[in-house]
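Novice: For reference, the structure I am asking about is given below.
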Amino acid sequence: MKTKTRLLIVEDEAAIREGLIDVFVYHGYEVEAASDGAEGLQRALSGQFDLLLLDVMLPSMNGFEICNRVREQDRDQAIIMLTAKSSDEDIIEGLSLGADDYVAKPFSVAQLVLRVQAVLRRTQDAWDQNNHIQLGTDLVIDSQNMSAQRGGETVSFTRREMDILHYLHAHSERPVSRDELLNKVWGYAPDLQLETRTVDIHIAKLRRKIELDSSQPHYLITVRGAGYRLIVGE
């Protein structure tokens, strides 16, 4: 018997929390919920959840801190942030801490369900963890451990970052557009008409990890008007 996909919703507004519980239970998920940050963190660390849906503004501990604490223990956990703030600073902070995506309030419930389904679908898809990605002579990314060594220091990657690197590596002969990455890496349907800076922020975060100078990228370059290209083996 197939077990249900398990979600944890951490949201302090009762009407939104109860509404989301009803929606995701209706769609066949097993749902747990918390109304404040401390409880949310405790549940997130003690339960085996397929995805965490975290509000940013919470009592006792905000969603950013929960995301950061979870990422310290589990780089593979799927996380979507819910935020009433749509400023670049808030979006960048959430994604920089390792969230897979963000959804700004007020949001379409139908679109939120689609985005949860897409993140889960991509999380459950597997790439070959035996592969290594060679970038130049000084950086080899170990897919199995989601890490690399450079100058005696360990560079760690999240599952989403590895998804991006593997897709760009598999198509390194050409630039890959933002829309293609949203479709193939995040799993969003092409007709979803999604306005998001998720791709750009993840690319910026990857550059800070793999480039010697992220302001002048050598491996993960932008091809103007076409997208991003990973330069391998140099």
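Novice: Would you order 160, 71, 121 from fewest to most other beta-carbon atoms within 10 Å of each residue's own beta-carbon?
Specialist: 121, 71, 160
Novice: Treating only the Cα positions of the stretch 1-102 as identical point scatterers, give the base-10 log of I(q)/I(0) from the Debye formula at each q in 0.19, 0.21, 0.22 Å⁻¹.
Specialist: -0.88, -1.07, -1.16
Novice: Helix-derived [θ] at 222 nm for the chain: sum -39500 (n - 2.57) over DSSP H runs of at least 4, divide by residue count, nearest 500?
Specialist: -12000 deg cm²/dmol
Novice: May I ask what percent, to the nearest 5, of DSSP beta bridges between residues of the chain are antiparallel?
Specialist: 45
Novice: Of 5, 83, how do they rank once you tally other Cβ atoms within 10 Å and put the fewest first?
Specialist: 5, 83
Novice: When the Cα centres of the stretch 169-234 and the stretch 55-96 are compared, how far apart do they sit, in Å?
Specialist: Cα centroid to Cα centroid, the span is 22 Å.
Novice: Also, I was wondering about something else. Ordered by residue, what ³J(HN,Hα) values in Hz, to whole numbers, does the stretch 26-39 give under the Karplus form 6.51 cos²θ - 1.76 cosθ + 1.60, where θ = phi - 60° and Gly and Pro are x?
Specialist: Residue by residue, the stretch 26-39 yields 4, 7, x, 8, 8, 10, 10, 9, 9, 9, 9, x, 4, 5 Hz.
Novice: How many percent of the alpha carbon pairs in the stretch 160-234 exceed a separation of 15 Å?
Specialist: 52
Novice: Stick to the Cα atoms of the chain, pair each with every other, and give me the Kirkwood hydrodynamic radius in Å at one decimal.
Specialist: Its Kirkwood hydrodynamic radius stands at 18.4 Å.
A short reminder: the numbers here are calculations on the coordinates, not readings from a lab. Because the structure is predicted, anything quoted here is derived from the model rather than measured. Note that we place each Cβ from the backbone using ideal geometry, even for glycine, and neighbour counts take in every protein chain shown.
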